[in-house]
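Here the structure comes first, spelled out in structure tokens, and everything after it is commentary.
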Amino acid sequence: MKITLDADKCCAAGQCVLIAPEVFDQRDEDGVVVLLDAAPPAAQHDAVREAAAICPAAVIEVHA
Amino acid sequence: MTARPIAVVGASAAGLAAAETLRRSGWRGPLTLIGAEPHLPYDRPPLSKQLLHGAWEPEKLRLRTEEQLAPLDLDLRLGTRATGLDVATRTLTLDGAESLACAGVVIATGVAARTLPGTDRLTGVHTLRTLDDALALRGRLTKGGTPAGEGVAGGGGTRRLVIVGNGVLGCEAAAVARELGHEVTVVGIEGTPMAAAVGTDVGTLLAEEHRDRGVRLLTGTVEGFDTTDPGDGRGPQVTAVRLAPGSTSASGGAAGGTRLPADTVLVAIGSRPAVDWLTDPALDTTDGLRCDAYCAAAPGVYAAGDVARWDHPAHGRPLRFEHRMNATEQGMAAARNLLAELAADGPTGTGDGTPAPERRPFAPVPYFWSDQYDLKIQAYGLTAGADRVETPVRDRAGRRILALYGREGRAVGVLAAGLPPRQIRALRAVVADPLPWEEARERIAAATAAG
Ligand SMILES: Cc1cc2nc3c(=O)[nH]c(=O)nc-3n(C[C@H](O)[C@H](O)[C@H](O)COP(=O)(O)OP(=O)(O)OC[C@H]3O[C@@H](n4cnc5c(N)ncnc54)[C@H](O)[C@@H]3O)c2cc1C
Ligand code: SF4
């Protein structure tokens, strides 16, 4: 799995961090998403897919 | 006989989330997504922010590319309106003609902007709900939008925008229009902007932000519009908004006349759930489509997003949210519950032999945000309808605020602006379940003390 972000669209909802805290974080200044691990291990894949689906700004793209 | 499809009505945030979840949860039968607008699913929050501002173009609002939609194998019907649903047979009518007998239906038709009588034929009076609405309004606010000869400096000079309605949408549009250099007046029935959504404490702070940037805030009721007919065949053009006698400026003084000159008017007075097409008496469509805790409106018929009013298990009363986050979460929940119901009822076409999941009540922690100027407001839980509000942090100079909302002795919502993201996420836990008020206050203090 490979993750890309369109961080420019991020509304700083932080849902991705709640769902997959090992993969996503937020910048302290403005809450914009930060990618901690662009190619997370299999154990994280479900959480990442859930985060991508729930993100209210369609920021997170998951590539197989 | 070909298998019956599951149909999702409404091709926006909630409908798209439902369609994707149906596929991810194993629905291999036909899947129809019906959307009245001609556009591929797009996101609405940027309409009153980046799109209106001109910073983003429509492509950026697209929720999925065509390549991302392809694997869903959708029968995608854009520019198509559902006009009826027979609940007993789960049969949809499309555009008043075609019948579509379905295995299940997810209704995600959202809400439509409310308008004022007599405005539909007036040039210059706008609403802001769809991409087409936003592009039309942007056309008037940005350079070259107003043809020469309408009494306005061509090329983006200062023009007068009157916004009717001082809710969240009106305030966001006011901020953008100020940044674009327009003279902006906001007229609301309520004395404080956004008070219905966030209460008067937070509303008062926001009012100060707007006043600091030169937005004029008035309390009043619109009586009518003055118009002129330029005689170019396009019909009457708005020139002013007339207020009923007794309207005042929000700081208490007289409004200085009840006629507000306007080149453009935005009517942002809330919305009506898009349920007019649901006339089957088996459905309760009072203030949205009434659903149970599973988001079911009837057997095999589920609803999600702005249109759905369902029994929230943690709050013990029917609720309806017009929040972007809820649209996705409820779309996912409704889709899962529909599949669980179909599986329990017999062969479903999921066909991979996995045991049917149980239906689960939908019990989200609501989340809402709004951007005005460089201020980002974020809220968890319920901030509307509170009987008690406290603002433990209220630092106007630092532009930081934290408010706690209570109802019937319990803390039900929290709102923050200008706090670090970690603290804001910690606040979510405080209102995930309504806690006794005092306990919530202590937890708020702890969450904001730990930097
Ligand atoms: C300008 C604007 C700014 C916003 N900003 C924020 C924000 O900052 N934060 C936030 O949390 N929320 C915000 N929201 C709210 C958020 O956008 C909505 O909660 C969300 O879009 C709801 O999604 P939905 O899919 O339920 O409904 P909608 O997005 O309204 O989609 C419903 C779709 O159904 C279609 N439809 C309607 N009737 C029919 C029919 N009979 N047949 C077929 N199709 C039909 C419509 O054309 C529409 O495309 C904003 C909304 C607007 C309009
Ligand atoms: S969930 Fe989406 S919008 Fe929210 S912080 Fe994560 S990437 Fe940004």
Review point. Using a 1.4 Å probe on the protein chains only, how many percent of the accessible area of chain B belongs to carbon and sulfur?
Key: 50
Point to revise | Top positive-direction residue, dipole computed over the range B:32-104 with Cβ charges, set B:L51, B:L100, B:T32 | key: B:L51
Review point. How large is the charge dipole for the range A:1-61, taken about the Cα centre, if only the Cβ atoms of Lys, Arg (+1) and Asp, Glu (-1) carry charge, to the nearest 20 debye?
Key: 180
Check your understanding: In the range B:352-401, which residues give up 30 Å² or more of accessible area once the other protein chains are added, compared with their chain alone (1.4 Å probe)?
Key -> B:Y367, B:W369, B:K376
Revision key, fill the gap. Any trypsin sites (Lys or Arg not before Pro) in chain A that lie in a DSSP loop and have at most 16 other Cβ atoms within 10 Å would be A:R27
Practice item. For the range B:374-449, give the magnitude of the charge dipole about the Cα centre (Cβ charges: +1 Lys/Arg, -1 Asp/Glu; no others), in debye to the nearest 20. Key: 340
Review point. When ligands, DNA and RNA are left out and all protein chains stay put, how many square angstrom of accessible area per residue does the range B:277-325 have with a 1.4 Å probe?
Key: 35
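If packing is taken as the average count of other Cβ atoms within 10 Å, what order do B:20-29, B:306-315 fall into, highest mean first? It would help to have the intermediate numbers written out before the result.
Values: B:20-29: 19.2, B:306-315: 21.7.
Averaged packing, sorted descending, gives the order B:306-315, B:20-29.
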Point to revise | Number of Lys pairs (Cα under 19 Å; 8 or more positions apart or on different chains) in the protein assembly as shown | key: 6
Study note, to complete from the structure: The farthest towards the positive end of the charge dipole of chain B, of the residues B:A403, B:A7, B:V307, given +1 on Cβ of Lys and Arg and -1 on Cβ of Asp and Glu, is B:A403
Review point. Ordering A:H63, B:H323 from largest to smallest accessible area (1.4 angstrom probe), what's the sequence?
Key: A:H63, B:H323
Study note, to complete from the structure: Cα pairs beyond 45 Å in the protein assembly as shown, in percent, come to 14
Exercise for review: Could you tell me which GluC sites (Glu not before Pro) in chain A are loop residues by DSSP with no more than 15 other beta carbons within 10 angstrom of their beta carbon?
Suggested key: A:E22, A:E29
Review point. How fast does chain B diffuse by Stokes-Einstein, in µm²/s, taking the Kirkwood radius from C-alpha pairs at 25 °C and 0.890 mPa s?
Key: 104
Review point. So who's got an amide H within less than 5 Å of the one on B:T83, skipping anything under 5 residues away but keeping other chains? H placed 1.01 Å off N, in plane.
Key: B:T93, B:L94, B:D95, B:G96
Practice item. Can you run the Rg to Rh ratio on the range A:1-61? Use alpha carbon positions and the Kirkwood inverse-distance Rh. Key: 0.91
Review point. About its Cα centre, what dipole magnitude does the protein assembly as shown give when the only charges are +1 on Lys and Arg Cβ and -1 on Asp and Glu Cβ, stated in debye to the nearest 20?
Key: 620
Review point. How many Cβ atoms of partner chains, on average, are near each residue of A:52-59 if near means within 10 Å of its Cβ?
Key: 6
Practice item. Restrict the search to the range B:368-451; then list the GluC sites (Glu not before Pro) that DSSP places in a loop and that have at most 14 other Cβ atoms within 10 Å of their Cβ. Key: B:E408
Study note, to complete from the structure: In the protein assembly as shown, taking the dipole from +1 charges on Lys and Arg beta carbons and -1 charges on Asp and Glu beta carbons about the Cα centre, the listed residue (B:F368, B:H323, B:G181) farthest towards the positive end is B:G181
Practice item. Would you calculate, for chain B, the mean residue ellipticity at 222 nm contributed by helices, counting each DSSP H stretch of 4 or more residues as -39,500 (n - 2.57) and dividing by all residues, to the nearest 500? Key: -7500 deg cm²/dmol
**Study point:** Helix-derived mean residue ellipticity, 222 nm - over chain A, DSSP H n ≥ 4, -39500 (n - 2.57), to 500
**Key:** -6000 deg cm²/dmol
Review point. Using a probe radius of 1.4 Å on protein heavy atoms only, what is the accessible area buried between chains A and B, both sides summed, to the nearest 100 Å²?
Key: 1900
Exercise for review: At 0.36 nm per residue, minus the direct Cα-Cα distance, what do A:D8 and A:D28 gain on full extension? Give it in nm, one decimal, please.
Suggested key: 5.6 nm
Check your understanding: Residues of the range A:13-28 losing 10 Å² or more of accessible area relative to the isolated chain, 1.4 Å probe, heavy atoms only?
Key -> A:A13, A:Q15, A:V17, A:L18, A:D25, A:Q26, A:D28
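The values are calculated or read from the model by the stated rules, or taken from the named source; none is laboratory data. Computed from a predicted structure; not experimentally measured. Using ideal geometry, Cβ is built from the backbone for each residue, glycine included, and neighbour counts are taken over all protein chains shown. Accessible surface areas use protein heavy atoms only, side chains included; no ligands, DNA or RNA. Shrake-Rupley method; radii C 1.70, N 1.55, O 1.52, S 1.80 Å.
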